[in-house]
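Read-outs: derived from the displayed coordinates by stated rules, not from any lab. This structure is a prediction, so every number in the text was calculated from the model and none was measured. Cβ sites come from the backbone with ideal geometry, for glycine too, and all protein chains shown count toward neighbours.
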Amino acid sequence: AKVNAASQLAWMALLVMSVPAVLGINVASVILFPLLFLFFAVPVGEFMLPYMMEWTADFTIRALRLSGIPVYREGLQFIIPSGSWSVVEACSGVRYLIASFMVGTLFAYLNYRSMKRRVIFIAASLLIPIVANWLRAYMIVMLGHLSNNTIAVGADHLLYGWVFFGIVVMLMFYVGARWSEPDSPPSAAVAAPGQTLPVTAAVGLRAVALTGIAAIAILAAPHVVSRWLDTQQGSGGGLSLQLPAQLSPGWRKAEGSGVGFKPTFVNPSAETNQGYIGPQGEVGVYLAYYRGQSTERKLVTSVNALVPSSDRRWNQVSSGTRAIEVQSGLLPLRTATILGKDGGTTPVQLVAWQVYWVDGQWIASDARAQLASAFGRLKGHGDDGAALVVYTRSDTPEQGHKLLGAFLKDNLAAIEAMLQARRGLR
């Protein structure tokens with residue numbers, strides 16, 4: 001499925017499970033904690049970015065208003081009398097959370113004997129950095145506001161954040177040490193000086209050979225299957241994607257791509273962004289087609305987004321889900337309201353709908369799209385997939401949703417037929 005975190009977790013699990021496989025369950029049970037601690041080497045956590053950024057913005061804005069400072073908010077960006085601020089990935093607190101969870105788990109293992117105290121401290125190491133990051137964001141904005149933006153901006157913004165996090169972790173350790181428990185007495189299985197422990201009988205050569213053959217087969221099988229699956233799909237190079245000049249009656253191509261909006265999908269095999277004019281208004285259609293997916297080219301990934309947080313022209317201020325009835329049944333969708341400027345000057349409000357097309361299915365969920373892609377490959381259907389985004393300029397979200405619904409009901413079948421035809425050219 002080309003999910004980095006899953007591949008890395010599987011590799012680490014293979015390494016960890018090799019210990020009981022080679023040395024036995026008894027040895028693995030003695031070093032169970034260090035074995036499990038190896039999983040902290042896997043870089044996971046990006047999936048939490050949008051949620052933690054939203055929580056940080058919510059807390060900061062509520063705290064500013066309680067402090068008597070007026071705030072105008074648009075999504076993750078907000079303006080106060082002394083200037084404008086935005087919550088980006090570095091402000092989410094994910095790095096704080098992962099680091100605190102790791103060192104908190106190690107501290108709990110080294111300082112407590114009872115499972116109850118360990119669980120409580122680990123839970124605290126998860127909760128405290130989230131709240132601390134909220135306070136850090138609020139204090140940085142307040143420092144900037146009170147100093148007329150002479151401190152807590154630029155590089156010192158990050159420096160103050162890490163110093164504050166270091167203080168929080170040290171306080172967490174200081175408080176946790178008050179309830180530390182002494183080490184348990186040495187195990188009776190440890191040999192006294194001059195004494196030897198009994199040794200188990202040697203494993204037979206046949207058992208070793210069978211285990212080795214099984215291990216080689218298990219390790220080789222995924223590579224053999226993957227090589228076979230690669231022959232069922234194209235390389236993804238040389239593809240082109242062209243929307244027709246007219247879809248259903250009444251919907252014809254417009255010059256350009258509507259209001260100049262374009263979603264960010266990285267390294268697609270082919271893409272197109274076209275506007276259509278119909279009886280009720282103008283709709284933009286963006287398609288990103290993926291084939292021969294790899295770590296560098298993936299349909300579903302955290303870097304693919306309607307609006308990246310670093311975008312200075314467009315700002316996604318809300319998101320949601322909905323489903324509409326089309327000819328083929330119920331179509332699930334992800335929705336968004338986007339604010340920006342047309343040509344960089346005129347304020348614009350867009351309503352956008354997004355959905356994936358994977359193995360002939362329309363899917364809104366990232367996780368379900370990944371699973372459908374994996375099962376499609378296993379069935380020999382290849383890994384072709386596409387992202388469809390339709391958007392329109394609208395004074396109110398309700399008007400935009402109504403227009404996009406009318407457009408998809410009239411034209412989704414034609415778009416799907418075009419994708420099916422492109423999929424057949426492998």
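Go through 86-94, 290-298 and give me the packing order, highest mean Cβ count within 10 Å leading.
86-94, 290-298
Please work out the C-alpha center-to-center distance from region 9-74 to region 363-418 and express it in whole Å.
31
Ranked from highest to lowest mean number of other Cβ atoms within 10 Å per residue, what is the order of the peptides 363-374, 13-24?
The packing order, highest mean first, is 363-374, 13-24.
What's the Kirkwood radius of the chain in Å, using all Cα pairs? Mind showing how you got there, number by number?
Details: mean 1/r = 0.0385 Å⁻¹.
26.0 Å is the Kirkwood radius here.
Helix 49-66 versus the longest principal axis of the chain: what angle, 0 to 90°, nearest 10, using Cα atoms?
Long axis of 49-66 versus the principal axis of the chain: about 80 degrees.
Helix 4-23 versus the longest principal axis of the chain: what angle, 0 to 90°, nearest 10, using Cα atoms?
For 4-23 against the chain, the angle is about 20 degrees.
Kirkwood Rh and Cα-based Rg: tell me the resulting Rg over Rh for region 240-316, rounded to two decimals. Working shown, then result.
Details: Rg = 14.2 Å, Rh = 13.9 Å.
Over the Cα atoms of region 240-316, Rg/Rh equals 1.02.
Which entries of K298/K402; K2/K262; K253/K409 show an alpha-carbon separation above 23 angstrom in the structure shown?
Going by Cα-Cα distance, K298/K402; K2/K262 fall outside the 23 Å limit.
Per DSSP helix of 4 or more residues, -39500 (n - 2.57); summed, then divided by the residues of the chain. What does that give at 222 nm, rounded to the nearest 500?
Computed ellipticity for the chain at 222 nm equals -15000 deg cm²/dmol.
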